[in-house]
Each structure stands twice: as structure tokens, then as C-alpha cells.
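First the structure, in the form of C-alpha cells, and then the observations on it.
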């Protein structure tokens with residue numbers, strides 16, 4: 001038995017109020033799931049018409065199943081592992097603009113249309129000067145979207161009430177601002193009337209966002225068992241973690257139209273998303289990055305076993321609560337709650353998150369995720385944060401490329417690998433040579449955007465920790481930090 005509206009007796013049809021660019025795992029486990037919850041719990045009364053942003057994708061499979069699919073949510077909730085599944089009934093149909101171009105543009109003529117969501121990868125919100133209005137379709141996502149907006153503008157004679165609420169989910173900073181800027185670029189490139197640009201600015205609302213949910217996607221390894229459990233065939237089974245967070249920067253009135261709080265969703269409508277973005281980058285991503293070299297050199301391999309470890313678990317918790325949180329500009333209780341949720345997510349028994357998978361480009365990650373906390377701590381406390389500094393020393397040791405007798409497969413830009421290869425090659429193990437090595441690394445301004453040797457006491461502190469790691473090994477060296 002295959003999943004479709006004939007076999008799913010609770011199938012419901014809703015007005016198409018949402019346009020979505022992207023049909024991949026993340027949007028289906030995040031936005032489409034939220035629309036489903038809103039329909040069931042807040043009388044949102046809307047469905048999603050999905051547009052495939054590239055030529056080859058999943059809309060044919062979606063249409064074969066009448067937009068239905070099964071979503072498994074699994075992870076930790078209040079300290080307990082939880083695993084649940086449900087059929088998502090929020091997608092009405094899928095459209096491929098490469099083979100159904102006119103049908104795609106006709107979406108713009110729907111008077112019920114109100115929301116636009118997108119996730120076309122980090123490279124998706126990009127300007128292509130070769131796109132033309134007459135292309136069927138344009139190559140870029142913003143080009144396709146501008147053509148659709150222009151059709152809507154013409155269809156409704158520029159009525160303000162027919163403007164849209166645009167909520168991109170691409171993982172880039174200020175995604176809404178960037179999308180709007182490119183749409184206006186196309187309006188100018190295509191010599192569209194001034195009234196269109198005015199309508200874009202005055203009738204449409206572009207929101208910038210921060211999205212957070214881990215979505216492993218289609219469970220290839222266990223699909224046979226899942227099919228037996230479900231009792232039907234579903235080619236679009238999706239898996240996501242239980243936790244979700246959606247930060248939407250925009251005017252307050254949007255919440256009335258997208259009543260997430262009424263449906264119990266973890267969606268925040270804010271005037272400024274920067275503090276929340278900083279919170280995520282510093283606490284979630286920053287703790288990951290500071291954890292990796294310490295835990296991996298200690299002999300551990302995954303995030304979950306690291307957080308659960310007596311020594312390393314204490315190291316990362318103290319790093320978050322004592323050195324990262326004090327540098328952030330949000331209420332302390334809110335930050336502590338978020339940190340607790342992050343640590344709970346790290347211990348998800350359903351996800352094996354390998355430390356080496358996080359180690360890609362660790363130097364630049366430390367610069368964007370951990371260095372701001374280190375520098376702010378120095379500025380506000382007048383002293384160095386010992387755990388973040390120790391992690392920096394561990395990072396330098398990590399780039400030596402050895403864990404005992406095991407060779408570490410380093411993955412970074414060629415210049416950084418060459419920097420460490422040369423610096424470690426010149427190091428004879430003496431205290432003086434280690435200090436020279438540290439000075440070289442901290443002075444690599446291409447990554448750090450500054451000379452870290454100019455931070456008072458940092459060179460000596462990193463050197464001291466690296467000497468201990470070299471002479472005592474990570475297991476003994478880190479004990480001095482977690483006392």
C-alpha cells in the first residue's frame with residue numbers, strides 16, 4: 001500500500017496560501033511541518049504549493065503521494081529520549097518551473113497567496129546578470145521569484161493588499177535583506193516600470209530569519225524496518241530532531257497572520273535577530289568548535305560521548321556557562337535555558353555526530369565562533385577565559401596531525417595546512433620552540449583578522465597550555481583546567 005490521499009483517510013485540502021521554493025528534507029521537516037501543526041491547532045487553513053528551484057528534484061515524488069509524507073521526530077525532550085512520527089498533510093502540490101513554466105507563473109495569480117518560504121542552499125540567494133525576464137525559467141532563484149512577483153504585480157494592478165510576506169530560510173546572514181536587494185536589482189536590470197519597485201518596497205515584507213533544527217533526512221539504513229512499522233510505502237520519509245527554533249525578524253503584525261504561539265511552536269518574532277544569531281553561533285556552534293580538539297585528542301569520537309564524559313563534559317559545560325554566556329547580550333536566564341537545550345540536543349541518542357565531521361576548517365570556525373567570546377571576555381572581565389584559551393592551544397596541537405600513533409586527517413585550506421606543517425616541522429619540542437610556534441599561529445592575520453599576539457597575555461597562556469599538552473598528554477593537561 002502506497003501513501004496518498006486515497007489511503008490516508010484523514011487527508012484534507014486547504015487553500016494554497018503558501019508558496020515554497022525548495023522541496024528538500026529541511027523545509028519539509030521544518031516549515032511544512034509547522035504549517036501542518038498550524039492547520040491542526042490554530043486554524044491557519046492553508047496549504048503549501050512547492051516549487052522545485054532546480055531542474056531535477058522531488059516534486060514528481062511529492063505529486064505521486066499527493067504531497068503527503070511521514071515525518072519522524074526523534075531526540076531528547078526534558079532529559080528523556082523521544083521518538084514519534086506523523087503524516088504531514090500541508091503540501092497541496094509540487095510544480096517544476098522547467099517543465100511547467102506557465103503553471104508556475106499562474107501561482108502568482110492566486111488571490112489567497114500570502115506567504116513565501118525558501119531554502120535554496122547558501123548559494124541560492126545570488127544575482128545572475130544573465131537572467132532575463134523572458135527566460136522560461138530564469139537560472140537563479142531570485143530571478144524566478146522576481147518574474148513571479150512581476151506577474152502578481154501586473155495581475156492585481158499593483159494592489160498593496162496583494163503583497164506577500166517573504167520568509168527565506170537560507171543559512172546566510174540577513175537572508176531577507178539580501179533577497180530583496182537582488183529582486184530590486186532584477187527590476188532595474190529588466191527595465192521594469194518604477195511602480196513595480198515601489199510595490200516591492202511598500203506592499204511586500206521581507207523578513208530575515210534564523211532557523212535551527214537538525215534534519216538527517218531520508219533514513220536509508222532503516223527504511224525497510226520503518227516501512228514494516230508504518231504498514232505503507234512512503235518514498236519521502238523524513239527524519240528530524242525533536243528540537244526546533246525559528247527566529248523571524250519583522251513587524252509584530254505578522255504573528256497575527258502566522259499564529260505560531262497559539263499552536264505551541266517555538267517561533268519568535270523579533271525586532272532584531274542579531275542577538276539570537278549571536279547566541280546560536282557562540283553557544284551551539286562555539287561549544288562544538290571548542291570541544292572538538294580537546295575531546296578528540298582526549299580519545300573520544302562523538303559529541304554525545306563527549307558531553308556525557310565526566311571530564312570533557314564538565315569542560316564543555318563550564319566553557320558555556322562560565323565563559324561564553326557572560327559575554328552575550330540577552331537575559332541570563334534565557335541564555336542558560338538555551339544552553340541546557342543545546343546540551344540536551346548534543347546527547348541525542350538517535351544521532352551519531354562525529355567530532356571529525358565538525359573539524360572541517362576549524363581555524364576559521366574558531367575565529368567566527370569562539371574568538372569573539374574570548375575577546376569580549378577579556379574586555380569585560382579584564383582577564384583571559386582559561387577554557388577558551390586552552391581550546392585554542394588544543395586546536396594548535398590538533399593541527400599537528402597526530403592522536404597518539406594515529407594520523408589525523410586534517411581538512412582545511414591549503415595555506416593553513418602549510419602553515420602548520422612548516423611551523424610544527426621547525427618545532428623541536430623545547431619551550432622556546434613551542435612559543436615560537438604559538439607566536440606564528442597567533443600572528444596569522446589572514447584567519448584571525450588581527451594579530452592575536454597583541455592580546456595581553458594570550459601568547460604566554462596558549463604556550464603554557466600547549467607545553468602541558470605536549471609533555472603531559474591531553475588527559476592530564478585538561479584535568480588542570482576542569483578542577
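The values are calculated or read from the model by the stated rules, or taken from the named source; none is laboratory data. Given the structure is predicted, the values throughout are model-derived calculations rather than measurements. Glycine gets a Cβ as well: all are built from the backbone with ideal geometry, and neighbour counts include every protein chain shown.
Output the residues belonging to the range 229-272 that are within 15 Å of residue 208 (Cα to Cα) and either assigned by TED's automatic domain parsing to the domain that holds residue 332 or without any contact (Cβ under 8 Å) to a residue 40 or more places away in the chain (or both). Matches in the range 229-272: 245, 247, 252, 255, 268, 269, 270, 271, 272. Can you spot a residue in the range 57-69 that is within 21 Å of residue 345 (Cβ to Cβ), assigned by TED's automatic domain parsing to the domain that holds residue 163 and in contact with a strand residue (DSSP E or B) (Cβ under 7 Å, 6 or more places away or on another chain)? Among the residues of the range 57-69, not one is within 21 Å of residue 345 (Cβ to Cβ), assigned by TED's automatic domain parsing to the domain that holds residue 163 and in contact with a strand residue (DSSP E or B) (Cβ under 7 Å, 6 or more places away or on another chain), which makes the answer no. Kindly check whether there is at least one residue in the range 166-183 that is free of Cβ contacts under 8 Å to residues at least 12 places away in the same chain and over 27 Å from residue 247 (Cβ atoms). No, there is no match, as no residue in the range 166-183 is free of Cβ contacts under 8 Å to residues at least 12 places away in the same chain and over 27 Å from residue 247 (Cβ atoms). Of the candidates 132, 136, the single residue that is assigned to a loop (DSSP other than H, G, I, E, B) and in contact with a helix residue (DSSP H, G or I) (Cβ under 8 Å, 6 or more places away or on another chain) is 136.
When the range 60-85 is filtered for residues that are free of Cβ contacts under 8 Å to residues at least 40 places away in the same chain and either assigned to a helix (DSSP H, G or I) or crowded, with 21+ Cβ neighbours inside 10 Å (or both), the ones remaining, listed by number, are 60, 63, 67.
Being within 22 Å of residue 446 (Cβ to Cβ) and surrounded by fewer than 21 Cβ atoms within 10 Å (Cβ to Cβ) narrows it down to one residue among 359, 391, 373, 364; which is it? Of the residues listed, the single one that is within 22 Å of residue 446 (Cβ to Cβ) and surrounded by fewer than 21 Cβ atoms within 10 Å (Cβ to Cβ) is 364.
Looking only at the range 391-438, count how many residues are closer than 20 Å to residue 364 by Cβ and assigned to a helix (DSSP H, G or I).
21
Go through the residues of the range 444-462 one by one and say whether even a single one is farther than 30 Å from residue 380 by Cα, surrounded by fewer than 14 Cβ atoms within 10 Å (Cβ to Cβ) and touching a residue at least 12 places away in the same chain (Cβ under 8 Å). For the range 444-462, residues farther than 30 Å from residue 380 by Cα, surrounded by fewer than 14 Cβ atoms within 10 Å (Cβ to Cβ) and touching a residue at least 12 places away in the same chain (Cβ under 8 Å): absent.
Going by what's in this entry, would residue 202 be described as part of a helix (DSSP H, G or I), without any contact (Cβ under 8 Å) to a residue 60 or more places away in the chain and within 28 Å of residue 3 (Cα to Cα)? Against the criterion (part of a helix (DSSP H, G or I), without any contact (Cβ under 8 Å) to a residue 60 or more places away in the chain and within 28 Å of residue 3 (Cα to Cα)), residue 202 does not qualify.
Restricting attention to the range 282-305, does a residue exist that is closer than 30 Å to residue 41 by Cβ and part of a helix (DSSP H, G or I)? Yes, there is a match, as at least one residue in the range 282-305 is closer than 30 Å to residue 41 by Cβ and part of a helix (DSSP H, G or I).
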